[in-house]
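Heads up: the structure comes next, in structure tokens.
The values are calculated or read from the model by the stated rules, or taken from the named source; none is laboratory data. Predicted model, so just to flag it, every value in this text is computed and none were measured. Virtual Cβ from ideal backbone geometry, glycine too; neighbours counted across all protein chains shown. With ligands, DNA and RNA removed, areas are computed over all heavy atoms of the protein, side chains included. Shrake-Rupley method; radii C 1.70, N 1.55, O 1.52, S 1.80 Å.
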Amino acid sequence: MSASMIDASARIEAGASIGPNVSIGPFCTIGPHVTVGEGCRLFAHVNLTGHTTVGPRTVIHPFASLGSPPQSLSYRGGPTKLVVGADCDIREYVTANTGTEDHGGTTEIGDHCFIMVGSHIAHDCKVGNHVVLANNVMLAGHVTVGDNVVFGGGVAVRQFVRIGDGAMIVGLSGVRADLIPWGMALGSPLADLVGLNVIGMRRRGLAKAEIHRMRAAYQALFFGEGEFRARLERVAAELGGDPHVTKMIAFIRAGKRPLTMAVKRTEADEEE
């Protein structure tokens with residue numbers, strides 16, 4: 001790697017691994033257990049510490065701090081990890097902590113994630129690929145986020161919550177229970193499930209027939225007759241041949257905590 005790609009004011013401790021074609025700007029600090037992948041760009045005043053790995057071609061903007069110890073009273077100072085995927089765009093003042101010893105020890109951020117100004121990813125979170133966090137999103141510890149999820153600005157997610165693939169959370173919402181794949185959540189301090197992320201489905205290439213089946217499953221599951229478990233089994237029997245419906249059913253069955261339940265939207269909501 002060319003030394004000219006590292007600004008003279010940057011501090012890189014012995015033991016750090018810096019890949020080829022990495023650009024490190026003014027006043028960046030990189031700890032001894034950090035690995036920075038090929039083609040990454042650190043603009044200025046970036047802090048990488050702890051046992052942190054940053055994947056190839058990820059871009060990190062000023063005053064982001066990645067790999068600091070978890071904000072958890074159970075953390076005992078062990079060499080827990082933060083793993084950031086490839087091709088991410090991490091904006092100003094983003095923070096992400098390493099994991100804790102009792103829960104796998106690793107915080108993970110997938111590939112192609114766009115993490116905007118001031119967002120926080122806490123210890124032991126698992127964030128999928130192609131996830132968007134708008135400004136000031138807060139993920140508490142142990143949150144699991146699927147692929148292609150979109151968070152609006154100022155969203156807060158309670159610890160241990162699961163967010164399914166393709167879900168969308170409207171800005172300033174508070175998510176305190178699991179959210180189904182392709183679900184749309186809205187509300188503060190407690191978000192409700194207000195429909196499906198149909199626009200996201202279309203963008204991800206789902207066919208009209210697949211979207212129609214998901215809508216039918218949603219209506220039958222959340223607004224059908226009988227107890228919820230009975231509705232779940234009925235939907236599985238009638239629409240379980242669709243892979244997206246199957247994934248939603250499997251997500252619900254795997255849950256160990258409360259599920260974000262649906263409410264019907266008003267006409268004013270629909271116009272939005």
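For the range 1-40, filtering for residues that are in a loop (DSSP other than H, G, I, E, B), closer than 25 Å to THR80 by Cβ and either open to solvent by 40 Å² or more (accessible area, probe 1.4 Å) or hydroxyl-bearing (Ser, Thr, Tyr) (or both) leaves 6.
Scanning the range 194-205 for residues that are open to solvent by less than 20 Å² (accessible area, probe 1.4 Å) and either polar (S, T, N, Q) or more than 24 Å from VAL157 (Cα to Cα) (or both) gives a single hit, ASN197. Run down ALA191, ALA209, ALA220 and say which single residue is touching a Lys or Arg at 6+ places or on another chain (Cβ under 9 Å), at pLDDT 95 or above and surrounded by fewer than 21 Cβ atoms within 10 Å (Cβ to Cβ). Every option except ALA220 fails the conditions. For the range 240-253, the set of residues classified as assigned to a helix (DSSP H, G or I) and open to solvent by less than 40 Å² (accessible area, probe 1.4 Å) consists of VAL245, MET248, ILE249, PHE251, ILE252, listed by residue number. MET168 meets each of the listed conditions (1) out of contact with any Cys (no Cβ under 6 Å at 6 or more places or on another chain); (2) among the hydrophobic types (A, V, I, L, M, F, W, C); (3) surrounded by 22 or more Cβ atoms within 10 Å (Cβ to Cβ); (4) more than 24 Å from HIS212 (Cα to Cα) apart from (4). Does the range 178-185 contain at least one residue that is open to solvent by 10 Å² or more (accessible area, probe 1.4 Å), free of Cβ contacts under 8 Å to residues at least 24 places away in the same chain and not basic (Lys, Arg)? Yes, that holds for at least one residue.
All of (1) open to solvent by 40 Å² or more (accessible area, probe 1.4 Å); (2) at positive phi; (3) over 15 Å from the mean Cα position of the chain (by Cα); (4) touching a residue at least 24 places away in the same chain (Cβ under 8 Å) hold for PHE160 with one exception: (3).
In the range 12-30, the residues that are within 9 Å of ALA44 (Cα to Cα) reach residues that are of a type outside the set (Gly, Ala, Ser) and modelled with pLDDT under 95 with C-beta atoms within less than 7 angstrom, at least six apart or across chains, in these pairs: ILE24/MET5. On inspection, VAL263 fails the criterion of being touching a residue at least 12 places away in the same chain (Cβ under 8 Å) and open to solvent by less than 40 Å² (accessible area, probe 1.4 Å).
Cβ-Cβ contacts under 6 Å between residues 6 or more apart (or on different chains), taken from a first residue in the range 100-124 that is in contact (Cβ under 8 Å) with a residue 24 or more places away in the chain and of a type in the set (A, V, I, L, M, F, W, C) to a second residue that is in a strand (DSSP E or B) and surrounded by fewer than 22 Cβ atoms within 10 Å (Cβ to Cβ), are listed as PHE114/ASP89; PHE114/VAL132.
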